[in-house]
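Engineer: Would you mind keeping the following structure in view while I ask a few things?
The values are calculated or read from the model by the stated rules, or taken from the named source; none is laboratory data. Keep in mind it's a predicted model, so treat the numbers as computed, not measured. All Cβ positions, glycine included, derive from the backbone under ideal geometry; neighbour counts span all protein chains shown.
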Amino acid sequence: MPPHSCNSDVHALSRRRMLGVLAGGAAAGSLNVGALLEPAVAEQIRGQGRQVLFIWLDGGISQLESWDPKPRSEFGGPFRAIPTSVPGVHFSELVPETAKHMDKLAVIRSMSTKDENHSTGVARVQRGDPKNRGVDYPFLGSALAKLLPPPANNLPPYMHIKPGRGGFQWQDAGFLGAKYGALTLGEGKPPIHIFRPASVDDARDDARNSLRRRLNEPFRRQRRESDVAAYELSYDMAEQLMKRKDLFDDRTLNSADVARYGEHPLGRHLLQARRLLEAGVQFVKVTSYHWDMHGDNFNMHRQLVPQIDRPFAAILDDLAQRGLLDRVLVVLMSEFGRTPKINTRLGRDHWPEAWSVVLAGCGVKRGIVVGQTTANGAFCDGPEYDCGHLFHTIFEALGVPASKAEYVNDGQPLPIAHEECSKIDEVLA
Amino acid sequence: MVADPTLDVKKAWQSHSLPHDRPLLCCAFSPCGEYVVAGAQDENLIRWNLESGEKRLLAGHESWVHALAFHPDRKRLLSGDLQGALRCWDYAAAAPAPRWTTPAAHPWVQAAAVTHDGKRWITAGTDGAIRFWNVDDGQPAGELLGHGTEVYSLAAHPAGKHLLSGDLLGRIHIWNLETAKLERTLDAKLLHTRKEDFLADVGGVRSLALNRDGTQVAAGGMSDAESNTFCPGKPAVLVFDFASGVLQRTLRTKTKSDGPVKGLVYLSNGMLAAQGEHLNATSSLEFFPGEGTEVHHAIPRESGYGLSLHPDGLRLAVAGFVNNGRGGNGRHAKPAEYVAHKGALVIYRLDEKKTT
């Protein structure tokens, strides 16, 4: 029997169907733990109003074809390096638009992480690769939904734009509990149920919600708190989104913006991300798949990299012009880098040994490169940084003191980032 | 060229393996028959003297050389690289130096050829253009536009009137060089894949070859790409009747490979030789008869990216890859052991090995 089954009469009303699709995924989560931040530490968090744009290139963009070019070297590939807006810093010729914004960026060129596998790498990196304590740590978006003060706008704090289907990704929340999961917008589109049928007027809608709340009460008494909290949160999100349908109305988009960002998925999704950030969504993740060029690496990078270069430069421009770059932290990263060694299919494989991450905005220095790789680009030359260092740095940039803050999970204190790592001081403003 | 009666691909044997520090991407025998040249995953153009084995690096390119064409005057060679530069060489000189250089013919020069009358070099690139250049001074001499996407391959028809060009989307344009007009297009779309969730087009007509009398057109590439990441597909060669444009045969390799056929040549007896690529595994050089679709003979070997037939019709060169230690996904590699893969220009003789 499923652990949530209680044989109550409530189920005769087909509860799942009534509660709707927004909460559907949350119901399956393992929610028997709660999580609290130590109150004293919570007081110290000064992150009110801070936001994050987290761009995830699933797989790995080649550091050699983007942020750490090594032209005419052993593994350099056919592309040349071009100057950026910061003298002495060069990027690959494939990112000419972003190169113009190097003065806004902090580029870490000495990431050295542990996992070369997709199956474990995505979660491991996005959870900050903490020490194994037998619990699933939250993804970064869920962690910040917990750690940062809730935004006043009541919009879902963690929204995820990705190709394909949307839904509610409760799994991202790990031990924090389902309500810290991600509201996922497939193709950047809103959940279809935020559009109330024309036949349902305000009065009828109120009556429906009232019924739902009444039915929730006996259900709540027989369930763990976090289950119901997740359901309730899903409905709260839906109610808020129903008031903000304008965020998804493509008719309001400026055609020049559409052209600047591009009409490919990353262009459309980053433009949607800009709208969500402008509306005050706390953490917006944008995922792009298919960055895994084991074959035909150079033709594929020539086709794909412009799809991130242009919209990334556009959103940096827009955030800066709107004054948002002071409060929005931008993170652009992958699971790992790509092998310097070029394989039989003119591809590059997975390479966690030495790769690059790009940051911009809130709390980080502008126009700096941190760390370096060897002349052939294969290894870090000097200090290396792991996911734990990156998480410490991101938390610090947002005003969360990662070396002091802890989650409390069923009485167990858990560091919010790997305790053997520390923030990268050179990155922080 | 009349087929040599001793040509028998089933008796093919490796006569030379000419090493280089990086994998080789393209190759061509000189029309005089004394040299073979190759482009590599570095900035060198490499020339080997076939008799002495002397290797000479022709320096000057600033990116990988991906396109080669010899002039029928037996003096000049054109090379094009992936920064768009063209260089024209006196290839047989003791220390060849460029006669002229054009720095930006295309973003990437993907293919090169020469007109039948020897007056113009022809190049094709990632900008979708086909361009003509005076052989003597490299001055622009016209262009053909119409692909609208990357052009990967060129072949000049032996009768001199037509030029064939193959593109990323699987189209083979047949241009009339007398009118400078597009005459017709062969449908090789099997060699292109773009699924709904792909971020890029995959495949294309990566190689083109015409048989001796120009009655058949062969196009190499791969079909059924599964993704735009690994880009794994099914190697394929499409054979068209030139006059009618009808697809006559679809040839599949016998040995497992997952990359496009980039090396493709007609032998003097009408057979086709095709070289494949395989991700981190052995590929093959395969021979197809003039009719039918069954593979006549296959030689397992490393991945290769270019083929050339010697003027004598009995030697076939493969520009390719030589494994040099662990690659693939990884971590904990030792810096001293983590070095680039190598390359070799392997020459196969297509007749029986004589015992002494």
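Engineer: Would you be able to tell me the number of residues in region B:64-86 that are closer than 22 Å to B:D21 by Cα and of a type outside the set (S, T, Y)? Break it down into steps so the answer makes sense when it comes.
Structural biologist: First, the residues of region B:64-86 that are closer than 22 Å to B:D21 by Cα: B:64-68, B:79-83.
When the remaining residues are screened for being of a type outside the set (S, T, Y), the result is B:64-68, B:80-83.
Qualifying residue count for the region: 9.
Engineer: Among the residues of region A:310-340, count how many are crowded, with 24+ Cβ neighbours inside 10 Å, within 14 Å of another protein chain (Cβ to nearest Cβ) and not in a strand (DSSP E or B).
Structural biologist: 5
Engineer: Of all the helices (runs of 4 or more DSSP H) wholly in region A:93-149, which have at least 3 residues that are of a type in the set (G, A, S) and without any contact (Cβ under 8 Å) to a residue 12 or more places away in the chain?
Structural biologist: Answer list for region A:93-149: none.
Engineer: Here's something else I'd like to know. Just give me the residues in region B:131-171 being surrounded by fewer than 22 Cβ atoms within 10 Å (Cβ to Cβ), of a type in the set (S, T, N, Q) and touching a residue at least 40 places away in the same chain (Cβ under 8 Å), in sequence order.
Structural biologist: Listed by number, the list holds a single entry, B:T149.
Engineer: Do we have B:H106 as under 18 Å from B:R131 (Cβ atoms), under 17 Å from the mean Cα position of the chain (by Cα) and surrounded by 16 or more Cβ atoms within 10 Å (Cβ to Cβ) here?
Structural biologist: no
Engineer: List the residue pairs whose Cβ atoms are under 6 Å apart, where the first residue sits in region B:83-108 and is of a type in the set (V, I, T), the second is crowded, with 17+ Cβ neighbours inside 10 Å and assigned to a loop (DSSP other than H, G, I, E, B), and the two are 6 or more positions apart or on different chains.
Structural biologist: Short answer, once both residue conditions are applied: B:T102/B:G138.
Engineer: Condition test on B:D187, is it within 14 Å of chain A (Cβ to nearest Cβ), acidic (D, E) and in contact with a strand residue (DSSP E or B) (Cβ under 9 Å, 6 or more places away or on another chain)?
Structural biologist: Answer is no for this residue.
Engineer: Kindly list, by first and then second residue, each pair from a residue in region A:288-309 that is on the phi < 0 side of the Ramachandran plot and more than 7 Å from chain B (Cβ to nearest Cβ) to a residue that is among the basic types (K, R) and assigned to a loop (DSSP other than H, G, I, E, B), limited to pairs with Cβ atoms under 7 Å and residues at least 6 apart or on different chains.
Structural biologist: Cβ pairs passing all conditions: A:N297/A:R348.
Engineer: Among the residues of region B:286-293, are any closer than 20 Å to B:V261 by Cα, under 17 Å from the mean Cα position of the chain (by Cα) and more than 13 Å from chain A (Cβ to nearest Cβ)?
Structural biologist: The answer is yes, given that some residue of region B:286-293 is closer than 20 Å to B:V261 by Cα, under 17 Å from the mean Cα position of the chain (by Cα) and more than 13 Å from chain A (Cβ to nearest Cβ).
Engineer: Here is a further query. Here are B:A97, B:A93: which of them is within 23 Å of B:E54 (Cα to Cα) and at pLDDT below 95?
Structural biologist: Going through B:A97, B:A93 in turn, the sole match is B:A97.
Engineer: Would you check if there is a residue in region A:102-115 being hydroxyl-bearing (S, T, Y), within 23 Å of A:H350 (Cβ to Cβ) and modelled with pLDDT under 95?
Structural biologist: yes
Engineer: Kindly indicate the residue of region B:298-346 that is facing chain A (nearest Cβ under 10 Å) and hydroxyl-bearing (S, T, Y) and also farthest from B:M271 (Cα to Cα) among those meeting that condition.
Structural biologist: The residue in question is B:Y338.
Engineer: Now for a different question. Which of the residues belonging to region B:207-243 are touching a strand residue (DSSP E or B) at 6+ places or on another chain (Cβ under 9 Å), touching a residue at least 40 places away in the same chain (Cβ under 8 Å) and in a loop (DSSP other than H, G, I, E, B)?
Structural biologist: Answer for region B:207-243, where residues must be touching a strand residue (DSSP E or B) at 6+ places or on another chain (Cβ under 9 Å), touching a residue at least 40 places away in the same chain (Cβ under 8 Å) and in a loop (DSSP other than H, G, I, E, B): B:N211, B:R212, B:G214, B:P232, B:G233, B:F242.
Engineer: In this structure, does A:T373 turn out to be within 14 Å of chain B (Cβ to nearest Cβ), β-branched (V, I, T) and touching a Cys at 6+ places or on another chain (Cβ under 7 Å)?
Structural biologist: yes
Engineer: Residues B:A298, B:A340, B:A319: which one is more than 19 Å from B:G259 (Cα to Cα) and either touching a Cys at 6+ places or on another chain (Cβ under 6 Å) or among the aliphatic types (A, V, I, L, M) (or both)?
Structural biologist: Testing whether each residue is more than 19 Å from B:G259 (Cα to Cα) and either touching a Cys at 6+ places or on another chain (Cβ under 6 Å) or among the aliphatic types (A, V, I, L, M) (or both) leaves just B:A340.
Engineer: I'm trying to understand the selection: among the residues of region A:248-282, which are hydrophobic (A, V, I, L, M, F, W, C) and buried (at least 19 other Cβ atoms within 10 Å of the Cβ)?
Structural biologist: Answer for region A:248-282, where residues must be hydrophobic (A, V, I, L, M, F, W, C) and buried (at least 19 other Cβ atoms within 10 Å of the Cβ): A:L266, A:L270, A:L271, A:A273, A:L276, A:L277, A:V281.
Engineer: Moving to a separate point now. When you scan region A:341-413 for strands (runs of 3 or more DSSP E) that lie fully inside it, which ones turn up with 1 or more residues that are at pLDDT 95 or above and aliphatic (A, V, I, L, M)?
Structural biologist: A:355-361, A:368-370
Engineer: Name the one entry in A:G167, A:G177 that is more than 19 Å from A:Q282 (Cβ to Cβ) and touching a Gly at 6+ places or on another chain (Cβ under 7 Å). Working first, answer last.
Structural biologist: Numbers: A:G177 fails: more than 19 Å from A:Q282 (Cβ to Cβ).
On inspection, the qualifying residue turns out to be A:G167.
Engineer: Let me ask something else. Give the residues of region A:356-414 that are crowded, with 23+ Cβ neighbours inside 10 Å, within 30 Å of A:T339 (Cβ to Cβ) and of a type in the set (F, W, Y), sorted by residue number.
Structural biologist: A:Y385, A:F391
Engineer: Right, here's the next one. Given A:G367, A:G347, A:G363, A:G382, which one is more than 26 Å from the chain's Cα centre (by Cα) and away from chain B (no Cβ under 11 Å)?
Structural biologist: Result of the check over A:G367, A:G347, A:G363, A:G382: A:G382.
For every residue, the table says whether it meets (1) within 12 Å of another protein chain (Cβ to nearest Cβ); (2) among the hydrophobic types (A, V, I, L, M, F, W, C).
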| site | (1), (2) |
| --- | --- |
| A:W67 | no, yes |
| A:E74 | yes, no |
| A:G77 | yes, no |
| A:E93 | yes, no |
| A:P96 | no, no |
| A:K104 | no, no |
| A:K114 | yes, no |
| A:H118 | yes, no |
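Engineer: Taking B:A95 as meeting all but one of (1) small (G, A, S); (2) surrounded by fewer than 17 Cβ atoms within 10 Å (Cβ to Cβ); (3) on the phi > 0 side of the Ramachandran plot, write down the number of the exception.
Structural biologist: (3)
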